[in-house]
1. Going by amide H atoms built from the backbone, whose H comes under 5 Å of the H on Val183, apart from near neighbours?
2. Using the Karplus curve 6.51 cos²θ - 1.76 cosθ + 1.60 with θ = phi - 60°, work out ³J(HN,Hα) for each residue of region 108-122 in order, rounded to whole Hz, and write x for Gly and Pro.
3. Note down the net charge around Pro158, summing +1 for each Lys or Arg and -1 for each Asp or Glu among other residues with Cβ under 13 Å from its Cβ.
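Just so you know, all these numbers are worked out from the coordinates, no wet-lab data involved. This one's a predicted model, so the numbers in the text were calculated from it and none came from an experiment. With ideal geometry, Cβ positions are generated from the backbone for all residues, glycine too; neighbour counts draw on all protein chains shown.
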Amino acid sequence: MEPSPTPAYSDDPPAYTPSADPQYIPTVYSRRPVLPTITATITVSDSPPSPPAAGSSRGHRIPTNDDDTYWVVIIGNHPGVYRGRTTAARNAGTSARVVMFECLEGRRFANRIFVEQYRLRVVRRLIPVNIPFPFTSAQQRRSTQQDEDVWYVVPSGPEPGVYFSRTAALRAASFAAGQMVQVDDEDDAYDLFVDYYMSYRIQDYN
């Protein structure tokens, strides 16, 4: 008798195995560039990173200053996008469950990684947060049928995320237009979603 399959999702975050050749995160959005190269998953500590040995090189795209790189905290006390490993590690916390990535291509790609991982239900806060529901925003503009092919941020509803079309956003917001924020630019949409999450206006998936 074959064992029953492992559930696809549970209350515990999935285990990550560091790899020297990490896989790209699957694409779930249309009309967007390929995700950037990311480093292997790491577990952080309170200790600052050690400087590279003399004569060593991590590649010409890697900034030499720790504060010049962006880090994506996927699982931690305060998930989000941070500039500098030290800042990211401080917000991630010291739990063995912490998971974070270094993004070599800058903040806009780091935002995409974060939103992708949120949609895949991987992002998880390790400390309890009380977030009011439903979400309301002063930035909300009344959308019309003419606003079909534009970007939307859906902070609450069955499928929070970033969407390119009014139809998809309405479906994700359970047809509650008041839960949608229309954004003119793609990069701004991803940035706004990350900002909402980091300011405790978006809940984790249950």
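1. Excluding prolines and chain starts, which carry no amide H, the hits are Trp151, Tyr152, Val153.
2. 5, 6, 4, 4, 5, 4, 4, 5, 4, 5, 5, 5, 7, 6, 9
3. Details: positive: Arg119, Arg121, Arg171; negative: Glu159.
Residues close to Pro158 contribute a combined charge of +2.
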